[in-house]
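For reference, the structure is listed below as structure tokens.
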Amino acid sequence: MLGKLDKSVLELLRGSPEPLALAELAEKLSKPEKTVFKTLKRLFEKGQIDTKGRRYSIAKEET
């Protein structure tokens, strides 16, 4: 079950043409970086997002 912040992060990443950094996500969501990082970690562990060079994006769907 996704929480409100989880959904907001995923929505932002889906709508972004390029991967976003933690600071960018925190600023756009008006949330502390620590809070957003915990959400990113959880989403990464669930395989819903990818990270590369400290930038985050939606995980590529497997076909």
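FYI, it's all coordinate maths here, none of it is from the lab. Just so it is clear, the structure is predicted and the values come from calculations on it, not from any experiment. Methodologically, a virtual Cβ is constructed for each residue, glycine included, from the backbone with ideal geometry; neighbour enumeration extends over all protein chains shown.
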Below 8 Å between Cα atoms, with a sequence gap of 6+, how large is the relative contact order for the chain in percent?
35 percent
For Y56, net neighbour charge (Lys/Arg +1, Asp/Glu -1) across residues whose Cβ lies under 10 Å away
+1
Can you give the calculated 222 nm mean residue ellipticity of the chain, where each DSSP H run of n ≥ 4 adds -39,500 (n - 2.57) and the sum is split over every residue, rounded to the nearest 500 deg cm²/dmol?
-16000 deg cm²/dmol
Just one of [x] 21, 13, 9; [y] 17, 13, 11; [z] 22, 10, 9 is semi-axes √(5λ) of the Cα gyration tensor in Å as worked out from the coordinates here. Which one is it?
[y]
